[in-house]
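Novice: Sharing a structure, written as structure tokens. Questions coming.
Nothing in this text is a laboratory measurement; each read-out follows from the coordinates by a stated rule. Quick caveat: nothing in here was measured; it's all calculated off a predicted structure. We place every Cβ from the backbone using ideal geometry, glycine too, and count neighbours over all the protein chains shown.
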Amino acid sequence: MTNQSLYAAREPIFPRRVSGMFRRLKWWIMGVTLAIYYLTPWIRWDRGPNLPDQAVLVDMMHRRFYFFWIEIWPHEFYFVAGLLIMAGLGLFLFTSALGRVWCGYACPQTVWTDLFILVERWIEGDRNARVRLHRANWSFRKWRLRLVKWAVWLLISIATGGAWVFYFTDAPTLLADLGSFSAHPIAYGTIAVLTLTTFVFGGFMREQVCIYMCPWPRIQSAMMDSDTITVAYRDWRGEPRGKKHDGTAGDCVDCMACVNVCPMGIDIRDGQQMECITCALCIDACDDVMGKIGKPRGLIDYLALSDEAAERQATRPNQSGVMFCARAP
Ligand code: SF4
Ligand code: SF4
């Protein structure tokens, strides 16, 4: 009997740069969500004398929560509970209609990982350069690039951990206290923990957080049905894949562009997978290829299972590229 290991080492993923409508949308969402997170504690809001002038503040010492013109006292906390319930229901609604749109576009793990990959690409180059660097022996150049990358990641992580504590006390005062090392130890401890988790989750664990640590991919499976929109490959159009020019091949030229841009390292042509966060970058990559070879876009597309079944049985015209009119060829 052979001993088979139940452990598989992680295969590193080096997503390639891609451009297109969904990539642009993700850049915008990343910019807006990061700006909201980092800048909100610095917005001032005049509430009159003896009241804090920070627009959004969780004032633990005086047991108040300030949100612009709203002030919530502990006995009114059901407002916050109601808001959280509405946010949860909203998330369920979005998931049942649009699948993992939260995971693909707005989840902090996705946003910060995207930011860390952007930094990595600026410093180490695009996919092929990063693969070569990964395989190369440790040299002065490799150390230099790695140390610069880790330093920038660390700065982002410190800013991320630092921004969080500013929500709990007056931001300018706390910044001065932090600079003079006179802030409360809890502030330093919180910043240290969040810095470490941001650095490790965004820089090194990345897709493993989504696959192994996050319960959401499992929970969402119960909220999706055949009309939920997900990212799918039109295999009835793409197969048999290949580069034959004798009229026997499908539209997929097996260029692997969709796989090489995927931040989860999966091949969407294998069908729906739990790892897929529906970030749609494979759609952008494949649309680009289809444009170059003069085929209709939408070989990979946002589709519901019911759409797939209808197209397969030819009871509905192929919707390639028309789900989002901006992508229409
Ligand atoms: S990008 Fe499109 S053509 Fe290239 S391998 Fe993927 S599905 Fe096939
Ligand atoms: S398969 Fe496509 S949509 Fe799914 S995670 Fe990979 S790139 Fe994103």
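Novice: When the chain is treated as a GNM, springs tying every alpha-carbon pair under 10 Å, which of 295, 244, 26 comes out with the largest mean-square fluctuation?
Specialist: Largest GNM mean-square fluctuation: 244.
Novice: For the chain, set up a GNM with springs between Cα atoms under 10 Å and report which of 301, 177, 235 has the largest fluctuation.
Specialist: 177
Novice: Counting other C-beta atoms within 10 Å, and keeping those with at most 13, which DSSP coil chymotrypsin sites (Phe, Trp or Tyr not before Pro) do you find in the range 15-121?
Specialist: On the way: sites: 22, 27, 28, 37, 38, 42, 45, 65, 66, 67, 68, 69, 77, 78, 79, 92, 94, 102, 105, 112, 116; in loops: 45, 68, 69, 77.
For chymotrypsin sites (Phe, Trp or Tyr not before Pro) across the range 15-121 that sit outside H, G, I, E and B with at most 13 neighbouring Cβ atoms in 10 Å, the list reads 68, 69, 77.
Novice: Between 137, 260, 50, which gets the highest mean-square fluctuation from a Gaussian network model of the chain, Cα cutoff 10 Å?
Specialist: Per the Cα network of the chain with a 10 Å cutoff, 50 tops the list.
Novice: If you average the C-alpha positions of the range 262-285 and of the range 224-245 separately, how far apart do those two centres end up, in angstrom?
Specialist: For the range 262-285 versus the range 224-245, the Cα centre distance is 12 Å.
Novice: Once both axes come from the Cα atoms, what is the angle between helix 140-166 and the longest principal axis of the chain, in degrees from 0 to 90, rounded to 10?
Specialist: Approximately 50 degrees, to the nearest 10.
Novice: Dipole of the chain, Cα-centred, from +1 at each Lys and Arg C-beta and -1 at each Asp and Glu C-beta, to the nearest 20 debye?
Specialist: Working: 35 positive and 30 negative charges, 263 e Å.
Rounded to the nearest 20 debye, it is 1260 debye.
Novice: At 0.36 nm per residue, and after removing the present C-alpha to C-alpha distance, how many nm does the segment from residue 80 to residue 68 gain when stretched out fully?
Specialist: Working: separation 12, 0.36 × 12 = 4.32 nm, distance 1.44 nm.
Contour length minus the Cα-Cα distance gives 2.9 nm.
Novice: Which lysines have a Cα lying under 26 Å from the Cα of residue 149, excluding residues fewer than 8 positions away in the same chain?
Specialist: 26
Novice: Same structure again: Pairwise over distinct Cα atoms, reciprocal of the mean inverse distance: report the Kirkwood radius of the chain in Å, one decimal place.
Specialist: Values: mean 1/r = 0.0437 Å⁻¹.
About 22.9 Å for the chain.
Novice: Same structure, new question: For Cα pairs less than 8 Å apart in space and 6+ apart in sequence, what is the mean separation divided by the residue count of the range 21-218, i.e. the relative contact order in percent? Could you put the intermediate results ahead of the total?
Specialist: Working: 157 pairs, mean separation 42.3, N = 198.
Result for the range 21-218 is 21 percent.
Novice: Straight-line reach only, C-alpha to C-alpha below 13 angstrom: list the aspartates and glutamates that residue 292 could link to, leaving out same-chain residues fewer than 8 apart.
Specialist: The qualifying aspartates and glutamates are 251, 284.
Novice: What lysines could a cross-link reach from residue 295, if we take a straight Cα to Cα line under 23 Å and drop same-chain neighbours fewer than 8 places away?
Specialist: 243, 244
Novice: Suppose each label sits 7 Å from its Cα in the direction of the beta carbon; what would the residue 139-residue 312 distance come out to in nanometres?
Specialist: A separation of 5.0 nm, rounded to one decimal place.
Novice: Can you tell me the length gained on complete extension of the stretch residue 93 to residue 61, counting 0.36 nm per residue apart and subtracting the Cα distance?
Specialist: Difference between extended and current length: 7.9 nm.
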